[in-house]
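Every number here is computed from the coordinates shown, using simple stated rules; none is lab data. What you are looking at is a predicted structure, and each value in this text was computed from that prediction instead of being measured. Heads up, the Cβs are rebuilt from the backbone with ideal geometry, glycines too, and the neighbour counts pull from every protein chain shown.
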Amino acid sequence: MLKTRRLLTLAALAAVAIFAYYAASATPVISDQNYTYIAELEWYNTYDAGAEVALREKKPMMVYFWTIWCIYCEKYHKEVFSREDIRQILARDFVRVAIDMDVNKEDTRRFNVAAPPHVIFMTYDGEIITRVPGYMPADDFKRVLLKVKAEAGGAGE
């Protein structure tokens, strides 16, 4: 009995330690009423807000569907969007929209997104260029960014 209790106590302590480690090392995502901040970039919280800016600035749009509990979203934040070359392309050439699927169910339904992460690239007037369901490593994601930028045209050229 005592041995079982010790094992259960050790297992519980290990679970708490693992949770604390992952919580402390998670990339912070901060949102306010209008924006989400990921990888030191400002992202619109709704498709309509981003679409208005994309049309005005004639820039392609990247609509990123994510959740706080999504492990692969965290990988996007840490390994892809935070990479300096990718962050620069996103900042300069794209209007960014980050849809928290647990909060903005309207846009999630509008684009028929079932699971995070999911990225949709669009022209400045809202035509879908391509979708990236699931996670994509940084080098592959950069190639997609550059291809979309070339196809979309607009002021970001």
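Every condition in (1) buried (at least 18 other Cβ atoms within 10 Å of the Cβ); (2) among the β-branched types (Val, Ile, Thr); (3) more than 14 Å from the chain's Cα centre (by Cα) is met by Val144 except one, and the failing one is (1). Checking each residue in the stretch 101-139 for being loosely packed, with under 15 Cβ neighbours inside 10 Å, acidic (Asp, Glu) and either in contact with a strand residue (DSSP E or B) (Cβ under 9 Å, 6 or more places away or on another chain) or within 18 Å of Asp48 (Cβ to Cβ) (or both) picks out Glu106, Asp125, Glu127.
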